[in-house]
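Nothing in this text is a laboratory measurement; each read-out follows from the coordinates by a stated rule. What you are looking at is a predicted structure, and each value in this text was computed from that prediction instead of being measured. Don't worry about glycine lacking a Cβ; one is built from the backbone with ideal geometry, like all the others, and counts go over all protein chains shown.
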Amino acid sequence: MRFIPVLLVFLVAYAQALGQRSFPFSKTSVPPGSKKHFKIPVSDGNNSTYIPITVFHGANPGPVLGITAGIHGYEYPPILAAQRLNQQIDPNGLSGTIILVQIANVPAFLGRSPFVNPIDGKNLNRSFPGKEEGSITERIAHIITKEVIAKSSFFVDMHGGDAPEDLQPYNSWYQSDILSETSKKGQEMALAMGFDYVIVFNISKERLEKPSLFCSQEAFHRNIPSVDIECGRLGMPGNEETNQIVQGVFSLLGHLNMMSITRTPKKTPIIVAKRSTIKSRSTGFFCTDKKAGDTIKAGTQVGYITDFFGTKLEDISSPQDGIILYMIGTPPINAGETLMNIGILPNTLNQK
């Protein structure tokens with residue numbers, strides 16, 4: 001009879017092994033309760049780079065969460081948040097798997113290049129789903145689509161304000177009547193993350209039939225619940241913003257039952273369903289005393305543009321009541337560029 005306890009231990013271990021097997025990634029596998037770092041090579045024959053990815057494979061079964069940071073290499077809080085997540089996530093306390101892209105656009109990061117990859121001048125966040133035989137940026141998008149997005153049950157793309165962009169922290173989800181259940185799950189993800197403002201990206205049937213272009217939208221096109229984070233401003237590292245992103249991701253892990261997280265109650269976020277954009281008609285200097293997060297009234301002057309000799313070319317007024325979600329926070333401006341993006345607040349919508 002003494003063999004019975006030993007047999008029970010063996011059966012329990014066998015059942016656990018069946019419940020969570022190793023996670024295959026990049027021609028290798030990650031055992032349960034462990035993490036592994038990968039440097040995925042990318043080359044177009046003339047230029048080469050790599051994508052640093054960490055896979056956390058939990059000790060227990062659960063969903064796969066894909067996370068990307070550094071799609072834009074000059075947006076530092078998301079990249080720093082990914083570094084902290086790499087240190088703070090314990091795979092032994094994880095149910096499921098996290099595929100964390102530490103920096104998607106290494107050439108832009110090392111080259112301190114806002115918006116675009118300096119190798120080919122392309123914006124990675126306008127290149128999805130990418131091309132297997134395309135330029136270096138298109139190949140990066142293709143690998144992320146194939147190796148991260150396509151393997152995910154849920155997806156998060158982390159951004160911040162690039163070098164000239166002042167930004168009010170927010171997150172967002174995709175909404176479409178065609179993918180109603182996916183939209184609902186995305187909304188629940190966004191609301192669980194603790195941001196004060198949550199944006200709705202409404203996607204039409206016609207838009208779903210076109211290439212995604214955006215990283216997180218590629219996930220949504222694949223029927224994967226997806227959210228964006230926008231947190232950080234003017235290309236600055238920002239410890240407060242980095243902490244907010246990390247806390248938001250851990251709150252999401254608790255919501256998805258991937259980790260045991262004690263979440264403190266937060267106030268209900270403000271959901272912004274409509275936005276308005278102010279564009280410049282002139283090239284020159286943008287002068288303003290406004291900043292992201294300011295509330296403004298319709299018809300209020302929010303700045304002006306001068307030529308290179310200081311002569312005023314145009315006054316800039318707000319077309320709507322609302323909050324400045326992001327804006328150009330540096331003087332240079334070109335005709336046709338976005339000066340401000342204004343979130344129309346719910347009470348404002350009710351008044352219209």
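With only alpha-carbon atoms counted, please give the Rg and Dmax of the range 112-153, in Å.
Cα radius of gyration and Dmax of the range 112-153 are 10.6, 32 Å respectively.
What list do you get for C215, C231, C287 if you sort them by fewest beta carbons within 10 Å? Working shown, then result.
Values: C215 30, C231 26, C287 14.
Lowest to highest Cβ neighbour count: C287, C231, C215.
Hey, if you put +1 on the Cβ of every Lys and Arg and -1 on every Asp and Glu Cβ in the chain, which of F285, P269, A150 ends up farthest toward the positive end of that dipole?
Checked the options; the winner is A150.
Rounded if a/c is under 1.5, else prolate if a/b is larger than b/c, else oblate: which is the range 44-89, with a ≥ b ≥ c the root eigenvalues of its Cα gyration tensor? Before the final figure, lay out each step's value.
Details: a/c = 2.71, a/b = 1.52, b/c = 1.78.
The shape class here is oblate.
Which FRET efficiency, nearest 0.05, do Q301 and K27 yield, Cβ-Cβ r, R0 41 Å? All intermediate terms of the calculation are to be shown ahead of the outcome.
Numbers: r = 59 Å, r/R0 = 1.44.
The calculated FRET efficiency here is 0.10.
Find which of F115, A104, I245 sits farthest along the positive direction of the dipole of the range 24-255, computed with +1 on the beta-carbon of Lys and Arg, -1 on that of Asp and Glu, about the Cα centre.
A104
So for the chain, averaging the separation of alpha carbon pairs under 8 Å that are six or more residues apart and normalising by length, what relative contact order in percent results? Kindly include the intermediate steps, with their values, before the conclusion.
On the way: 861 pairs, mean separation 51.1, N = 352.
Answer for the chain is 15 percent.
With the cut-off at 20 Å, report for the range 100-207 the share of all Cα pairs above it, as a whole percent.
Values: 3004 of 5778 pairs.
The answer is 52 percent, as a whole percent.
Dipole magnitude of the chain about its Cα centre, charges +1 at Lys/Arg Cβ and -1 at Asp/Glu Cβ only, in debye to the nearest 20?
Values: 33 positive and 30 negative charges, 189 e Å.
So the dipole magnitude of the chain works out to roughly 920 debye.
Please work out how much length the chain gains when fully extended from T330 to L110, using 0.36 nm per residue of separation minus the C-alpha to C-alpha distance, in nm with one decimal.
Details: separation 220, 0.36 × 220 = 79.20 nm, distance 2.23 nm.
My answer for the length gained is 77.0 nm.
Could you tell me the calculated FRET efficiency between E209 and T311, based on Cβ-Cβ distance and R0 = 45 angstrom, to the nearest 0.05?
Numbers: r = 47 Å, r/R0 = 1.04.
After rounding to 0.05, the efficiency reads 0.45.
Determine, at each q value in 0.14, 0.15, 0.22 (inverse angstroms), the log₁₀ of I(q)/I(0) that the Debye formula gives when each Cα of the range 174-316 is one equal point scatterer.
-0.88, -0.96, -1.32
Considering only the other residues whose Cβ falls under 15 Å of the Cβ of P31, what net charge follows from Lys and Arg at +1 and Asp and Glu at -1?
Numbers: positive: R21, K35, K36; negative: D90.
With Lys, Arg at +1 and Asp, Glu at -1, the net is +2.
Go through the range 75-86 residue by residue and turn each phi into a ³J(HN,Hα) via Karplus (6.51, -1.76, 1.60, θ = phi - 60°); whole Hz please, and just put x for glycine and proline.
Values, residue by residue: 9, 7, x, x, 5, 5, 5, 4, 4, 5, 4, 4 Hz.
With all pairs of different alpha carbon atoms counted, what Kirkwood hydrodynamic radius in Å does the range 208-280 show?
Numbers: mean 1/r = 0.0646 Å⁻¹.
After inverting the pairwise mean of 1/r, the radius is 15.5 Å.
Could you pull out every one of the lysines with an alpha carbon less than 28 Å from that of K267, ignoring same-chain neighbours closer than 8 positions?
K267 reaches K184, K185, K290, K291, K297, K352.
At 7 Å along the Cα-to-beta-carbon direction for both K131 and S43, put a label point, then send me their distance in nm to one decimal.
Calculated label separation equals 2.0 nm.
How big is the shadow of the Cα convex hull of the range 24-255, averaged over all directions, in nm²?
Working: hull surface 46.3 nm².
Taking a quarter of the hull surface, the average projection is 11.6 nm².
For the range 276-351, with only Lys/Arg (+1) and Asp/Glu (-1) charged at the beta-carbon, what is the dipole magnitude about the Cα centre, in debye rounded to 20?
Details: 6 positive and 7 negative charges, 13 e Å.
For the range 276-351, the charge dipole is close to 60 debye.
Can you figure out the FRET efficiency of R275 with N92, using R₀ = 35 Å and their beta-carbon distance, to the nearest 0.05? Intermediate values should be presented prior to the final figure.
Values: r = 42 Å, r/R0 = 1.21.
E(calc), rounded to 0.05, equals 0.25.
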